[in-house]
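The values are calculated or read from the model by the stated rules, or taken from the named source; none is laboratory data. What you see is a predicted model; the values in this text were computed from it and never measured. Glycine gets a Cβ as well: all are built from the backbone with ideal geometry, and neighbour counts include every protein chain shown. Note: areas computed on protein heavy atoms with side chains; ligands, DNA, RNA excluded. Shrake-Rupley method; radii C 1.70, N 1.55, O 1.52, S 1.80 Å.
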Amino acid sequence: MRLQTNHGVLEWDGTGTIRVRYDGPLGERVIPVEALSGVRVSTDLRLDLREHADPLLSVSGGSYASIYHFDVADLAAAEQLASEIRIARARRAIPETAASTWLVAPPLAADAMEGKDATVAVANGLLMFAYPRSASRRKKSDGNPRSVSLMDIVDVEWRPRAGRHAGFVRVSTARMPLDRPRPKHDPSAVRTAVEGETDALFFAARLLTRIQP
């Protein structure tokens, strides 16, 4: 079954795989039915993903969930598709609990990202930070450049711009305090320009899959 949506073309193979060919940088994403906790149709078609199924949703704290909200012209066809997906989930006895491994691949991303106050790169099992002269002293307090072993990173988060506050990518290790400085002063955060937010999101999602299975 094939549906034209506001995001692009959605295809359901009738057995267990959804392909979405997004208009824009997301490209094609493959969503196995095992990644879904449910599917809803009201004024649109919504795919609900299990926790830890898609690194894009995990790294963004769920704020990117709108990529799975599809406006469709033919709601009857959307309901038929939803019914088939529900049947496929039931036949496979797929739980609604968190997935034990990533089930949706992150978008392709480069191994380096340039932000407003740092450049980060993945190489040889390390996440390398390099800060420009304009970065704050607190930002450079742990050295410039500095590196963090990927094995020591326990979490990665991405946030978009909010009002006057720039978006950022931030990593955490077990040794870091819960009370973190603002991204502007955090040595383990990189602030992003609006035009670079999507690239930063993709970089963060890929990094998350490197540190978590």
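Residue by residue, the range 64-71 carries 3J(HN,Hα) couplings of 9, 4, 5, 5, 10, 10, 10, 7 Hz when phi is fed to the Karplus relation 6.51 cos²θ - 1.76 cosθ + 1.60 (θ = phi - 60°); x denotes Gly or Pro.
In terms of accessible area, using a 1.4 Å probe and ignoring ligands and nucleic acids, LEU208, LEU126 rank largest first as LEU126, LEU208. Candidate values (i) 11.9; (ii) 16.9; (iii) 12.7 were compared with mean projected area of the Cα convex hull in nm² computed on the shown model; the agreeing label is (iii). When the GluC sites (Glu not before Pro) in the range 1-104 are filtered for DSSP coil states and for at most 14 other beta-carbon atoms within 10 Å of their beta-carbon, the remaining sites are GLU51, GLU96. On the chain, 50 percent of the accessible area sits on carbon and sulfur atoms, based on a 1.4 Å probe. When LYS116, LYS139 are compared by accessible surface with a 1.4 Å probe, the order from highest to lowest is LYS116, LYS139. Note that the range 17-57 presents 40 Å² accessible area per residue, ligands and nucleic acids not counted, probe 1.4 Å. Largest to smallest in accessible area, the residues VAL194, VAL41, VAL20 fall in the order VAL194, VAL41, VAL20 (1.4 Å probe, all protein chains included).
Under the shape rule built on the C-alpha gyration tensor, where the axes satisfy a ≥ b ≥ c, the range 102-201 is rounded, since a/c falls short of 1.5. Scalar couplings 3J(HN,Hα) for the range 100-117, obtained by applying the Karplus form with A = 6.51, B = -1.76, C = 1.60 to θ = phi - 60°, are 7, 8, 5, 10, 10, 6, x, x, 4, 8, 6, 7, 9, 9, 9, x, 6, 10 Hz; x denotes Gly and Pro. In the range 141-201, a dipole from Cβ-located charges (positive for Lys and Arg, negative for Asp and Glu) runs towards its positive end, and of SER149, PRO183, VAL171 it is PRO183 whose Cα lies farthest in that direction. Solvent exposure of the range 131-213, expressed per residue, is 58 Å² of accessible area, with all protein chains present and a 1.4 angstrom probe. Which of the three applies to the range 1-46, rounded, prolate or oblate, going by the alpha-carbon gyration tensor with a ≥ b ≥ c and a/c under 1.5 meaning rounded? Oblate, because a/c is 1.5 or more while a/b does not exceed b/c.
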